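Notes to accompany the following structure.
The values are calculated or read from the model by the stated rules, or taken from the named source; none is laboratory data. Source: prediction; values computed, not measured. Cβ coordinates were reconstructed from backbone atoms using ideal geometry, including for glycine residues, and neighbour counts include every protein chain displayed.
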């Protein structure tokens, strides 16, 4: 099934088309769900819970993109495409955007500045992404 907005990103070289792999999508879904579950473990540090929730969101977003027959080398673009792959509302996407910026500061500048409110919001949005991706991948 063609997606005009995603096809436009292919035309400008931001995405690539690649046939969907059921095995890859299922593996990304499992990985995302496992990380999301671990992100809820309150005995872990806040930073670890953030990392787990962020990486769960990325694996799930990538599963949705791959399910639609596209691939990206940009983590940020994988999140941006959620509007088109699973119809994620903009206000939820903005939480992922904020988490991505915080993740980059931590990765590239060593500045891990997360709080409980962000981790809870990220986990909540990731649960919604998981629900939608699970329905997409397992409903095929």
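Just a yes or no: is a residue in region 60-67 over 18 Å from residue 5 (Cβ atoms) and either part of a helix (DSSP H, G or I) or modelled with pLDDT of 95 or more (or both)?
So far as region 60-67 goes, yes, one or more of its residues are over 18 Å from residue 5 (Cβ atoms) and either part of a helix (DSSP H, G or I) or modelled with pLDDT of 95 or more (or both).
Here is a list: 129, 137, 133, 78. Which entry is closer than 13 Å to residue 61 by Cα, at pLDDT below 90 and either under 14 Å from the mean Cα position of the chain (by Cα) or surrounded by 12 or more Cβ atoms within 10 Å (Cβ to Cβ) (or both)?
Just a single option satisfies the conditions, and that option is 137.
Is it true that some residue in region 21-39 is within 21 Å of residue 83 (Cβ to Cβ), in contact with a helix residue (DSSP H, G or I) (Cβ under 9 Å, 6 or more places away or on another chain) and not in a helix (DSSP H, G or I)?
The answer is no, given that none of the residues of region 21-39 is within 21 Å of residue 83 (Cβ to Cβ), in contact with a helix residue (DSSP H, G or I) (Cβ under 9 Å, 6 or more places away or on another chain) and not in a helix (DSSP H, G or I).
Name the residues in region 9-50 that are without any contact (Cβ under 8 Å) to a residue 24 or more places away in the chain and either surrounded by 12 or more Cβ atoms within 10 Å (Cβ to Cβ) or more than 25 Å from residue 95 (Cα to Cα) (or both), would you?
Passing the criteria: 11, 12, 13, 23, 27, 30, 34, 37, 38, 44, 48.
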